[in-house]
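Notes follow once the structure below has been shown.
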Amino acid sequence: MAFNQDNFGRLTTSANSGIPSMWGYSTTDATAVLDSSGYFNNVSGDVQVGDLIVANTSTGGTLAAGIYLVSSNASGVVDINNALVVTATDTD
């Protein structure tokens, strides 16, 4: 599936452009799909190197979540690091 800009938004703001922003995203795509270079190209004008993207992934199946670091953004091509996967155990 492709990136859906309707499910992407800024979570933090700062008047200091040197402070990274945090973004939120929700998708039915698997974590590995988001890891692909270019997945976030549609927001290349918004995100900066060092920004964090917190994403709920695989929302159509077994819910997963990850934190991604924007590692490069040049000429409209955004690349993020592999996800720091967020896991939790629900023991009840």
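Every number here is computed from the coordinates shown, using simple stated rules; none is lab data. Values in this document were obtained by computation on a predicted structure and should not be read as measured data. Please note: Cβ atoms are built from the backbone with ideal geometry, for glycine as well, and neighbour counts cover all protein chains shown.
Numbers for the structure displayed
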| item | result |
| --- | --- |
| Whole-Hz couplings from phi, Karplus 6.51/-1.76/1.60, listed for segment 43-52; x for Gly and Pro | 10, 4, x, 9, 7, 10, 4, x, 5, 10 |
| The chain shape via C-alpha gyration tensor axes, a/c threshold 1.5 | prolate |
| Linear extension gain, residue 15 paired with residue 91, 0.36 nm per residue minus alpha-carbon span | 23.2 nm |
| Set of segment 38-79 residues, backbone N closer than 15 Å to the point 7 Å along the Cα-Cβ line of residue 30 | 57-65 |
| Stretchable slack from residue 4 to residue 82, in nm (0.36 nm times residue separation minus alpha-carbon distance) | 26.1 nm |
| Net length gained if the chain between residue 67 and residue 22 were fully extended (0.36 nm per residue, minus Cα distance) | 15.2 nm |
| DSSP beta bridges in the chain [antiparallel fraction, %, rounded to 5] | 75 |
| Computed helical MRE - 222 nm, the chain, DSSP H runs ≥ 4 contributing -39500 (n - 2.57), nearest 500 | -500 deg cm²/dmol |
| Built amide H within the under 5 Å cut-off of residue 65, gap 5+ | 57, 86 |
